[in-house]
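Everything below concerns the one structure shown next.
The values are calculated or read from the model by the stated rules, or taken from the named source; none is laboratory data. Small disclaimer: the values here were computed from a predicted structure and weren't measured. Counting neighbours? That spans all protein chains shown, and the Cβs are built from the backbone with ideal geometry, glycine included.
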């Protein structure tokens, strides 16, 4: 399995090159983006982040003090804006209370403790928690998303109904524990999913894995 996973990585890297993911100016921006990207495209998240930046509100303290209605209006492009505002507020309360709004302080905490804490925050599931851990805090944890499952399932490395933890453990057990590797690998799988491995009508001809 290890050999298969590394072979996939090498083929994708040769085809697409480095992905420079997650695109953000700060760890806090990554955290906000990880929450906003739930059930929407990254393009919509960029619009919402852009609106927050334009108002100079992309800081934990400022956002937490802001009225629900104001946040919702600014992040409207990301969709489900009322739900996501509540989730942002819940995360910000946790972030400020436990780590004084400091990504640096948060990054010093134990990875398992952090993951448990994040999963206890309303609206944060495994994918969002792990995105924050990997991309904002540089913790070696593999992020699993719909693209990851789709690619692995079509190449018969997992079953269609495989749970998040099972897919994640496949990578964590058979790859070197390396933040940069996990970062790049996940980003490359996302790229493959967007370019070739579509949910409907996949472009198998020309796919770098074929």
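With the checklist (1) under 27 Å from residue 171 (Cα atoms); (2) assigned to a helix (DSSP H, G or I); (3) modelled with pLDDT under 95 in hand, flag the one item residue 13 doesn't pass.
(3) is the only condition that residue 13 fails.
Quickly run through the range 176-210 and pick out the residues that are under 17 Å from residue 2 (Cα atoms), in a loop (DSSP other than H, G, I, E, B) and in contact (Cβ under 8 Å) with a residue 40 or more places away in the chain.
The one that is under 17 Å from residue 2 (Cα atoms), in a loop (DSSP other than H, G, I, E, B) and in contact (Cβ under 8 Å) with a residue 40 or more places away in the chain: 209.
Just checking, which of 87, 18, 76 is surrounded by 15 or more Cβ atoms within 10 Å (Cβ to Cβ), under 21 Å from residue 135 (Cβ atoms) and modelled with pLDDT of 95 or more?
On the way: 18 fails: surrounded by 15 or more Cβ atoms within 10 Å (Cβ to Cβ); 76 fails: under 21 Å from residue 135 (Cβ atoms).
Being surrounded by 15 or more Cβ atoms within 10 Å (Cβ to Cβ), under 21 Å from residue 135 (Cβ atoms) and modelled with pLDDT of 95 or more holds for just one of 87, 18, 76, which is 87.
With at pLDDT 95 or above and more than 25 Å from residue 19 (Cα to Cα) as the only criterion, which of 139, 159, 149, 113 stands out?
Values: 139 fails: more than 25 Å from residue 19 (Cα to Cα); 159 fails: at pLDDT 95 or above; 149 fails: more than 25 Å from residue 19 (Cα to Cα).
Answer to the selection: 113.
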